[in-house]
Amino acid sequence: MKTLKVHSNQGVYDIYIGEHILSILDDVINPMDIDSICIVTDSNTEEFLPKFFYELKNLNIPISTVSFSAGEENKNPETLLYLLSEFANKNLTRHSLLIALGGGVVGDITGFAASVYMRGISFIQIPTTLMAMVDSSVGGKTGVDLPEGKNLIGSFYSPKAVIADVSFLKSLPDREVKAGLAEVVKYVGLGVKSLYEPLLSMDYEEIIYQSCKKKADVVTKDFLDNGERQFLNFGHTFAHAIEKYYKYTRLNHGEAVAIGIRLAIEAGISLGFTDVKCKDYFEELFSKLGISTKLEIPVIDIIPLMVGDKKNTVDAINLILLKDIGEPRIVPITEKRLKEIFR
């Protein structure tokens, strides 16, 4: 088992990475001053609940569950209010613990619910997808979507621990695995070149460890996302707009990120900012991983949807572009100029 510590302005927490490591739950939870546990899942991860009741059987405190329909389209205020009402109906208190058991949607909405229920209760992230293990479960960003854009309601709220059990990945369809790998390619672009070989050999523990280490390093320096942490959105300004265009149904987040990375590289090259060899580098890597970067609609159709991105200023879209591998920058560009590039 590998471990990492994440430092934030809300304290320090541990990430545990390994295979079949859920037995550490007792050791993680025992030191906490809690009076009950509620496990939050969705329809994709309800099947794992018996395993958790078995692992938690020695705690001698009430354990309840709440579930909602899977899918990014359900990461919305309506689901949030449903969860909060369920917490109240189950008599959760300020000393209760939430366990987010699922992918990024479950982790994001459970974390946000934890941050606002009774003005903040404790939660643990137990990601079950590669995407969540390498990215969304780490760093304390929580949130829900609005029709106007992704994660426009949210908070910075750190978990008490993250347990990334690699054995969950065995149940994932190939499409979901590739979605997670696309997110990892982002870290390669940000300079973690040592991820290249683990990606090709599918060494999941090493992939998760190196990805989380990079994110933990960035979060420690910029927890509130005012500077360097924005680099972690490389490819995501395009990706979020693509997801919104398809109403979060046709492409998953990783598929949109892969396309977004390609478009960010092409935009950077068109602006004379990005080294042209980056295009071949990423094309080769995505090809080796079997990940498509094809967008089936004109790029200019998604550009108006980029205006609501959280990184933007009033008069500019702030793209994360690469000068070269490991050299990300925030580059402001107007909507008009971006349309000219892709027209």
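The values are calculated or read from the model by the stated rules, or taken from the named source; none is laboratory data. Just so it is clear, the model here is predicted, and its values are computed rather than measured. As a convention, Cβ positions derive from the backbone with ideal geometry for all residues, glycine included, and neighbour counts pool all protein chains shown. Note: accessible area is taken over every heavy atom of the protein model, side chains too, but ligands, DNA and RNA are not part of it. Shrake-Rupley method; radii C 1.70, N 1.55, O 1.52, S 1.80 Å.
Taking the Cβ of His253 as the center, what net charge do the other residues with Cβ under 14 Å away carry, scoring Lys and Arg +1 and Asp and Glu -1? All intermediate terms of the calculation are to be shown ahead of the outcome.
Working: positive: Lys75, Lys141, Lys150, Arg175, Lys178, Lys186, Lys244, Lys247, Arg250; negative: Glu72, Glu73, Asp108, Asp135, Asp145, Glu176, Glu183, Glu243, Glu255.
Once all neighbours under 14 Å are counted, the net charge is 0.
Could you give the distance between the Cα centres of region 109-135 and region 207-250, to the whole Å?
Rounded to whole Å, the Cα centres lie 16 Å apart.
Please compute the net charge surrounding Leu199, taking Lys and Arg as +1 and Asp and Glu as -1 over other residues with Cβ under 10 Å from its Cβ. Intermediate values should be presented prior to the final figure.
Numbers: positive: Lys288; negative: Glu197, Asp203, Glu206.
Charge balance near Leu199 sits at -2.
Could you pull out the chymotrypsin sites (Phe, Trp or Tyr not before Pro) across region 265-342 that fall in loop regions by DSSP (anything but H, G, I, E, B) with no more than 10 other Cβ atoms inside 10 Å?
Details: sites: Phe273, Tyr281, Phe282, Phe286, Phe342; in loops: Phe273.
The qualifying sites: there are none.
Going highest first, how would you order 2-14, 136-148 by mean Cβ packing within 10 Å? Write out the running numbers ahead of the final one.
Values: 2-14: 14.8, 136-148: 21.5.
Ranking, from highest mean packing down: 136-148, 2-14.
Need one word for region 1-117: rounded, prolate or oblate. Basis is the Cα gyration tensor (sqrt eigenvalues a ≥ b ≥ c); a/c below 1.5 gives rounded, then a/b vs b/c decides. All intermediate terms of the calculation are to be shown ahead of the outcome.
Numbers: a/c = 1.34, a/b = 1.28, b/c = 1.05.
Cα axes put region 1-117 in the rounded bin.
For region 279-285, just list the computed ³J(HN,Hα) in residue order, Karplus coefficients 6.51, -1.76 and 1.60, θ = phi - 60°, integers in Hz, with x standing in for Gly and Pro.
4, 5, 4, 6, 4, 5, 5
Does region 240-330 come out rounded, prolate or oblate by the C-alpha gyration tensor, with a ≥ b ≥ c the root eigenvalues, rounded set by a/c under 1.5 and, if not, prolate when a/b is larger than b/c and oblate if not?
Numbers: a/c = 2.00, a/b = 1.09, b/c = 1.83.
Oblate shape, in that a/c is at least 1.5 and b/c is the bigger or equal ratio.
Looking at the square roots a ≥ b ≥ c of the eigenvalues of the Cα gyration tensor of region 144-270, which shape do they give, rounded for a/c under 1.5, prolate if a/b is larger than b/c, or oblate? Numbers along the way, then the final one.
Numbers: a/c = 1.24, a/b = 1.15, b/c = 1.07.
Rounded, since a/c falls under 1.5.
Tally Lys/Arg at +1 and Asp/Glu at -1 over every other residue whose Cβ is under 11 Å from the Cβ of Gly235; what's the total?
On the way: positive: Lys186, Arg262; negative: Glu183.
Residues near Gly235 contribute +1 overall.
Counting other Cβ atoms within 10 Å, which trypsin sites (Lys or Arg not before Pro) in region 290-319 have at most 15 and lie in a DSSP loop? Kindly include the intermediate steps, with their values, before the conclusion.
On the way: sites: Lys294, Lys310, Lys311; in loops: Lys294, Lys310, Lys311.
Of the trypsin sites (Lys or Arg not before Pro), the ones in loops of region 290-319 whose Cβ has at most 15 other Cβ atoms within 10 Å are Lys294.
Only four residue types carry charge here, +1 at the Cβ of Lys and Arg and -1 at the Cβ of Asp and Glu. Report the dipole size of the chain about the Cα centre in Debye, rounded to the nearest 20. Before the final figure, lay out each step's value.
Values: 37 positive and 45 negative charges, 131 e Å.
So the dipole magnitude of the chain works out to roughly 640 debye.
Quick check for me: using +1 on Lys/Arg Cβ and -1 on Asp/Glu Cβ, what's the dipole size of region 1-87 about its Cα centre, in debye to the nearest 20? The partial results should precede the final answer.
Numbers: 5 positive and 14 negative charges, 53 e Å.
So the dipole magnitude of region 1-87 works out to roughly 260 debye.
Probe radius 1.4 Å, ligands and nucleic acids ignored: give me the carbon and sulfur share of the accessible area of region 121-212 as a rounded percent. Before the final figure, lay out each step's value.
Numbers: 1490 of 2770 Å².
Roughly 54 percent, rounded to a whole number.
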